[in-house]
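Taking it in order: structure first as C-alpha cells, then the write-up.
The values are calculated or read from the model by the stated rules, or taken from the named source; none is laboratory data. What you see is a predicted model; the values in this text were computed from it and never measured. Every residue, glycine among them, receives a Cβ derived from its backbone with ideal geometry; neighbour counts consider all protein chains shown. We work out accessible area using only protein heavy atoms, side chains counted, and drop any ligands, DNA or RNA first. Shrake-Rupley method; radii C 1.70, N 1.55, O 1.52, S 1.80 Å.
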Amino acid sequence: MGAEIGPSNIEAAFLLEALKKGTRVDGRGIYDYRTLKISCGPTYGLAEVQLGQTRVLARVSCEVTRPFPDRPTEGIVLFNTELSSMAGFGLDSSRSSTQEVAISRMVERVIKQSRAIDAEALCILAGEKVWTVRIDVHFLDHGGNLIDAASIAAIAALRHFRRPDVTVDGEEAIIHDVRERNPVPLSIHHTPICVTFGFFGSAGDMLVLDPTLLEEQVQVSSFTITLNSHREICALNKAGGIPLSPDQIQRCTQVALAKVDEVNEKIQLALKASTA
C-alpha cells in the first residue's frame, strides 16, 4: 500500500466531539448502516455491493480439478481479492497490502470455516474429479468498512451462481453445457454476514456501526462479528489494542442480530430481481 494520508487534527477532533454528542459526521446514528445497494447479474455469480461510498464487485467461477489427497470427496473453494489503486488515494495495486490480506483471510474464514458451502456436494468422482469454486472480490471504491461489503458481495455472488449440471455414469462424468441443460445452484447451508463496529476514545468507550474511511482512520479499535439468519455466531475478529468488555461485546451482538436480518432481506430481494 502506498502512503495513505490520514485526517488532520481538526478533522479528528471534530469527529470525536460529534461522537461524544451521539452524532456522526455524515448524519447517521451510531447504529445506522450507510445506504446498502445490492445487484446481481447479468451473468451467474456476479454481484455488486455499494455501501455508502464503498463499492465491491464479486465474481464466482468454477472448473473441474482433482481433489486434495487428504479430502478426496470434497470440492475446493478458493478466494482472491484485489484492492485496486483506483479505489482510493494512496493504494498500491502492485502488491498486496496488510489490509487486503486481512480482509481476504477474514472473508475466507467466514465462508469456508463456517462451512457455509457444502464441500461434499462439489464432488463429482471421489478422488478423481471435483468442482473448484473460485471467488474473486474486487474493491472498486474504498469508502470504509471493506470487510462488511466484501462479505455481502461474496455470499450474494455464491447464492446467485449456477454451475453446469453433471451426469455420472460409472467412472465417467459428463459435464453438460449450460445451453443443453439448466445449470444448478451451489448447495449453501447458511448465509454468514459480517457486521463491523469501530471504537473511539482512549478507553474505546464510544462505538459506531459501519465506520466510514474517516472514522476508520480515527478509531482505536474495531470489532467484526459474523452471524447468520439462524442467529449463530460464525466468526469474531478484533483489531486494535483496546480491550473490549463483555458488556460491549454483548451490545454489539444484539445490534448485529438485527442488522443481519436486514442485510439478508436485501440479498433476497436482489436475487429475486435478477431472475425477474
Worksheet item: What is the mean projected area of the alpha carbon convex hull for the chain, to one decimal in square nanometres?
Response: 16.1 nm²
Worksheet item: Which residues in segment 238-253 place their backbone N less than 19 Å from a point set 7 Å from the Cα of Ala203 along the Cα-to-Cβ direction?
Response: 241-252
Worksheet item: Helix 146-160: angle to the longest alpha-carbon principal axis of the chain, degrees 0 to 90, nearest 10?
Response: 20 degrees
Discussion item. How high is the relative contact order of the chain? Use alpha-carbon pairs under 8 Å, at least six apart in sequence, and give a whole percent.
Written reply: 21 percent
Practice prompt. Hey, can you find the accessible area per residue of the chain for me, probe 1.4 Å, expressed in square angstrom?
Written response: 50 Å²
Discussion item. My understanding is that a pair violates if its Cα-Cα distance is over 27 Å; which of Lys129/Lys238; Lys129/Lys272; Lys238/Lys259; Lys37/Lys129 do that in this structure?
Written reply: Lys129/Lys238; Lys129/Lys272; Lys37/Lys129
Discussion item. Using only the alpha-carbon atoms, what does segment 1-84 span along each of its principal axes? Please give whole angstrom values in decreasing order.
Written reply: 57, 30, 23
Item to complete: State the percentage of accessible surface on the chain attributable to carbon and sulfur atoms; use a 1.4 Å probe and exclude ligands, DNA and RNA.
Response: 50 percent
Worksheet item: trypsin sites (Lys or Arg not before Pro), restricted to segment 17-61: which are DSSP loop and have at most 13 other Cβ atoms within 10 Å?
Response: Lys21
Practice prompt. Grab the Cα-Cα distance for Leu269 and Val184, subtract it from 0.36 nm times how many residues apart they are, and report the gain in nm with one decimal.
Written response: 28.6 nm
Discussion item. I'd like to know how segment 168-250 sits against the 2.2 N^0.38 Å rule of thumb: what's its Cα Rg over that expected value?
Written reply: 1.82
Worksheet item: Of all the stretches in the chain, which is the longest one without any exposed loop site, taking GluC sites (Glu not before Pro) in a DSSP loop (any state but H, G, I, E, B) with at most 11 other Cβ atoms within 10 Å?
Response: 1-170
Worksheet item: Average projected area of the Cα convex hull of segment 131-210, in nm²?
Response: 8.5 nm²
Worksheet, complete the sentence: The answer for trypsin sites (Lys or Arg not before Pro) in segment 105-203 that fall in a DSSP coil and have at most 15 neighbouring Cβ atoms within 10 Å is Arg115, Arg179, Arg181
Worksheet entry | For segment 169-232, size of Cβ-based charge dipole, Lys and Arg +1, Asp and Glu -1, in debye | 260 debye
